[in-house]
Each structure stands twice: as C-alpha cells, then as structure tokens.
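Novice: Have a look at this one before I ask anything.
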Amino acid sequence: MTFIAGGPRQPGLGPWRVLAGADLTGGLVGFGDARIPPHTAGPGLHVHTREDEASYVIAGIVTFVVGDRTFEAGPETLVWLPRTVPHTFANRGDEDAWVVGVTSPAGIEAMFEEQAAYFTGLTGPPDREYLAELGARFGVTSLGPPLDV
C-alpha cells in the first residue's frame, strides 16, 4: 500500500498530530509530529508496554527523561524510547520545538486522538481516573508528574 499523509493541523487538538496510524500502515508503525511551544511540559512520566517509540527533533531543544537519564536533544537528534522504560519530555527552551514521532507497532495513536477529544471538551480539571483508565486500555501507565518548565 502506498499513501501520502499530512495536511493542516486541527486547532484545539493539542501539539500532537497523527500523520499515519494502524489504518494506513497495516498496524506496523505509527507516524506523528508535534509543535511544542516554549516552556511547555509534555506528559507526566509514563511507561508503554506495547510499543517502542522514537522521537526525531527537527527544531528547538527538547529535554527528555528516559529511564534514569535526563538530557537535551536538539535538531537532527534521534531519541529511542523503548517499551517498558519510563520516559517524558518537555520544551524548557525559549523557541518552539518540532518533533517527529514513530511508534512500533502502531495503535497508540487511537489513545492520542481520544485524549485530544477529551481535553478539547474539558471544562474544569481533568478526571485523573478517566485518564488512568484510558492509558490502561492502551498499555500505558502514569508514573509521575511532568517535567518542570
């Protein structure tokens, strides 16, 4: 199967955009990207049990925590986030960051889309129990807070 994916970002759905997921790749791999504004925390520290991830920084500097390592990754840096290893990230800098993400196998993009829809309609603090249940359905467990920015 051949495809071309992309297009404009949908306003209000957060920084992550799914470019191609299981439906286009036969479940083998998922592709997405994120435009992360300056001084923006990513998700809390978490772990995936079903997929490996890779993040390729196109622009800006992103701070990553992967296992017991904390480091900055700038343009043209690939960061490997293996399943079962806790991780998080943040843009602590003064410039926008742009990151391309790849997951293998695909499928986690459905969680990202459901989260985006939930946060778009939110009118108050998030329901932590709902978010934990959503993560559990996709093999993701929250372990701690996001990085300070």
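Novice: Could you calculate the contour length gain from Asp94 to Ile58, that is, 0.36 nm times the residue separation minus the distance between their Cα atoms, to one decimal place in nm?
Specialist: 11.4 nm
Novice: Mind listing the long-range amide H neighbours of Phe89? Cut-off is under 5 Å, sequence gap 5 or more, other chains count too, H placed in the peptide plane at 1.01 Å from N.
Specialist: Placed amide hydrogens put Gly42, Val65, Leu147 under 5 Å from Phe89.
Novice: In vacuo Debye scattering of the chain, one point per C-alpha: log10 I(q)/I(0) at q = 0.10 Å⁻¹?
Specialist: -0.33
Read-outs throughout are calculated quantities, based only on the coordinates presented, and are distinct from any laboratory measurement. Everything numeric in this text was worked out from a predicted model, so none of it was measured.
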